[in-house]
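Each remark here refers to the structure printed beneath this line.
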Amino acid sequence: MSRAVLSIGSNLGDRVARLQLAVDAVSPWLVQVSPIYETPPWGPVPQHDYLNAVLLVRDDTASERAWLDRAHAAERAAGRTRELRWGPRTLDVDVIDVDGIVSDDPRLTLPHPRAAERAFVLIPWLAADPDARLSGRAVAELVDELAEPERAGVQLRPELVLR
């Protein structure tokens, strides 16, 4: 069995519809969807706020590379282009963790190298799975260690729902 954690985000166009594209793309394997959160952009490029969520998925036969391929397919379906690092995105789908595998493969580093620092990943993940662990540590503990401004920037949007 292969279990993966996917972080999804969008800050261009109809952000909820773009997140829904990601949910639809992995629907055969979907276990849990977090609530949607609005978050400030991360990185040096000025841009609009993101909507973010986390998807928990499971497939008895998928490898970590299969999850990456599925993530990229969802991004392509949403019109994602990769022109500017940390720039605005129609849809961003990151593979955060697959079965706790540790890999330094340049195509897919696992766990995602900056996941433990990003409230926009950890807070939705914790909402989807209160017992979540990243690199052997409780995600709840990682959230507690984040700076208050980082945590405060992640705002629950309960009126927005993914199906």
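Derivation of every value follows stated rules applied to the coordinates shown; laboratory data play no part. The shown structure was predicted, so the numbers you read here are calculated from the model rather than taken from an experiment. Glycine gets a Cβ as well: all are built from the backbone with ideal geometry, and neighbour counts include every protein chain shown.
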For segment 1-140: rounded, prolate or oblate by the Cα gyration tensor [a/c cutoff 1.5]: rounded
Label zone at Arg3, where the point sits 7 Å out along the Cα-to-Cβ direction: segment 91-126 residues whose backbone N lies under 16 Å: 96-102, 111, 125-126
Go through 111-117, 122-128 and give me the packing order, highest mean Cβ count within 10 Å leading. 122-128, 111-117
Could you work out how far apart the two model spin labels at Val16 and Arg58 are, taking each label as a point 7 Å from the Cα in the direction of the beta carbon, and quote it in nm? 2.9
Place a point 7 Å from the Cα of Arg76 in the direction of its beta carbon; the residues of segment 16-52 whose amide N falls under 12 Å from it are none
Modelled FRET efficiency - R0 35 Å, Asp131 with Glu83, Cβ distances, 0.05 increments: 0.35
Along Cα→Cβ, 7 Å out, is where each label goes; now give me the distance between the ones at Ala66 and Arg107 in nm to one decimal. 1.5
